[in-house]
1. With 10 angstrom as the radius, rank Lys71, Lys49 by how many other C-beta atoms surround their C-beta, starting from the fewest.
2. Could you line up Val27, Val45 from fewest to most neighbouring Cβ atoms inside 10 Å?
3. Order by neighbour count: Asp64, Asp48, fewest other Cβ atoms within 10 Å first, most last.
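Please treat every number below as a calculation from the coordinates, not as lab data. What you see is a predicted model; the values in this text were computed from it and never measured. FYI the Cβ positions are ideal-geometry reconstructions off the backbone, even for glycines, and counts take in every protein chain you see.
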Amino acid sequence: MDWLRPGEPEELRSRGGNRFFNRVRDVSNQTADRNARKSLENLLVARDKVTAALAKGDAGVVGDLQELFMKTRQATGGPGEQ
């Protein structure tokens, strides 16, 4: 997991998380279905915690990322979640 390397500058470690959450917000804003939009917006709750942990290079964030991955699959109707 390259984005967890403590030797990297803080900006580089948190960039991926910020990109993900920005994209979630963009997709949510473009979603007409209220329930789908709410599911996507619920993903944003973890933004501060996850991006802060990534910026610190905290390997403990892996559990949060796994949970976020599963919630993203559910919110987007990913394979096996329909």
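1. Fewest to most other Cβ atoms nearby, the residues stand as Lys49, Lys71.
2. Ascending Cβ contact count within 10 Å gives the list Val45, Val27.
3. Going from least to most buried by this count: Asp48, Asp64.
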